[in-house]
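Heads up, the thing below is written out as structure tokens.
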Amino acid sequence: MIDFITLRNFTRQESVGIKKDGRNFVLDSIDWDAPSVETNVYRVPYQIGSMLSNVIVGTRKITIIGYIIANTMDIDTRGLTWDEYFQKQKEEIETNKEFLNDMISIYEEILIIVDGYYLKGYPTQPVKYSDTEEENNEVLCKFSIEIECFDPTFYKDSTVVHLAYVLPMFHFPLILTEEKSDEYVVFGEVHKRQSVLIENKGSIDVGCKIIIKAVGGSVINPKVYNVNTGEYVEFTGITLSDGETLTITTETGNENAIRHSLTRDTNESVIGFMKPGSDFFKVLRGSYYYAYSANESSMNNIDVTIEFTERFFNIRGM
């Protein structure tokens, strides 16, 4: 059972916590809904049954029901008549209603936070309040908030996996003593692995951000691939100079490959350098090995990172 959520409006930098034992905003119930699933199929002559073509997942419409409570602990009751006391309660409820009205805007995205998971959406209507005296008075006010999440999946903080990296060891100022004059000076340590196991525990395959960086020298024709499936993204005729970064984004609808130069402070698309057969591959659900390669002469200069976010249709407590 989920008994505490936080709603955050990034545009206004405002947030509100709604929980079962809240002092001002009390959670009554949450209908998390479930995204619709539509399957498209096709058939050939004389076929028995059908072949699945694709699956389309719809949105999720969440309904949050709660109460605004007049917190009498915050009211100084000394010297007040009953009418004045009730008026103080009513003012507190109206103030909290104004705050909620301002924060929940149909034009501004709302982030829902629950037990370390996140979900984004837009309100489908202004905050709705009860129109009965029993549920809307000077003591309490019942409200409902409806938020449609166009991406119906919950997500957590991003996972960052290093396939290869160069650890700098040189520090300035460098002090050479007579006792250490015959020792080597270590400028960096290269960490290389043949392949790295990446585990996606989420409900779906997810896009990722692949960051390739040239450290201590150039990187020629880099490649990153899924060892198990053979899917890869590879570049030909491209050289990353020392300090340059190549960022490959594989999120559906936002696929891109951008080279960033620190010295020139420029960003340029390098999709045209992708080798035929390359794919903006996803981090597949389950456990798979991922690896990298480059021109042999530049293998010690490559730094490769894969960043992705697991996504879930349901979480514990729903």
- Task: Check each of the GluC sites (Glu not before Pro) in region 132-163 and keep only those in coil by DSSP with at most 16 other C-beta atoms within 10 angstrom; list them in order.
- Result: Glu133, Glu134, Glu135, Glu138
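Given a Förster distance of 22 angstrom, what is the FRET efficiency for Ser203 paired with Ile106, based on the Cβ-Cβ distance and rounded to 0.05?
Working: r = 29 Å, r/R0 = 1.30.
It comes out at approximately 0.15.
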- Task: Net charge near Phe143: determine it from the other residues with C-beta under 13 Å of the C-beta of Phe143, scoring Lys and Arg +1 and Asp and Glu -1.
- Result: -3
- Pairs from Lys156/Lys209; Lys213/Lys282; Lys20/Lys201 whose Cα-Cα separation, in the structure shown, is over 27 Å: Lys20/Lys201
- Query: Between rounded, prolate and oblate, where does region 1-104 land on the alpha carbon gyration tensor, with a ≥ b ≥ c its root eigenvalues, rounded for a/c under 1.5, else prolate if a/b exceeds b/c?
  - Reply: prolate
- Using only Cα atoms, tell me the angle between helix 82-103 and the longest principal axis of the chain; keep it within 0 to 90° and round to the nearest 10. 30 degrees
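Using the Cα gyration tensor of the chain, with a ≥ b ≥ c the square roots of its eigenvalues, what is the shape: rounded (a/c below 1.5), prolate (a/b larger than b/c) or oblate (neither)?
Numbers: a/c = 3.20, a/b = 1.68, b/c = 1.91.
Oblate, since a/c reaches 1.5 and b/c is not below a/b.
Give the shape of region 250-318 as rounded, prolate or oblate, defined through the alpha-carbon gyration tensor: a ≥ b ≥ c are the square roots of its eigenvalues, a/c under 1.5 means rounded, and otherwise the shape is prolate if a/b is larger than b/c and oblate if not.
Values: a/c = 2.09, a/b = 1.70, b/c = 1.23.
Here region 250-318 falls in the prolate category.
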- Task: Calculate the length of the line joining the C-alpha centroid of region 229-255 to that of region 261-318, in whole Å.
- Result: 6 Å
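Would you mind calculating the relative contact order of region 27-130 from Cα pairs under 8 angstrom and at least 6 residues apart, reporting the percent as a whole number? Intermediate values should be presented prior to the final figure.
Values: 117 pairs, mean separation 20.1, N = 104.
Relative contact order here is 19 percent.
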- Task: Give the accessible surface of the chain per residue, rounded to a whole number of Å², with probe radius 1.4 Å and ligands, DNA and RNA excluded.
- Result: 59 Å²
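Starting from region 251-318, pick out the trypsin sites (Lys or Arg not before Pro) whose DSSP state is loop and whose Cβ has at most 15 other Cβ atoms within 10 Å.
Filter output for region 251-318: Arg264, Arg316.
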- Task: Grab the beta carbon distance between Val161 and Gln13, set R0 = 35 Å, and tell me the FRET efficiency rounded to 0.05.
- Result: 0.65
- Taking the Cα-to-Cβ direction at Lys97 and at Thr252 and moving 7 Å from each Cα, how far apart do the two end points lie in nm? 4.3 nm
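The values are calculated or read from the model by the stated rules, or taken from the named source; none is laboratory data. Computed from a prediction, not measured in an experiment: that's the story for all the values here. Neighbour counts run over all protein chains shown; Cβ positions are idealised from the backbone, glycine included. Quick note on the areas: whole protein, heavy atoms, side chains included, nothing else; ligands and nucleic acids left out. Shrake-Rupley method; radii C 1.70, N 1.55, O 1.52, S 1.80 Å.
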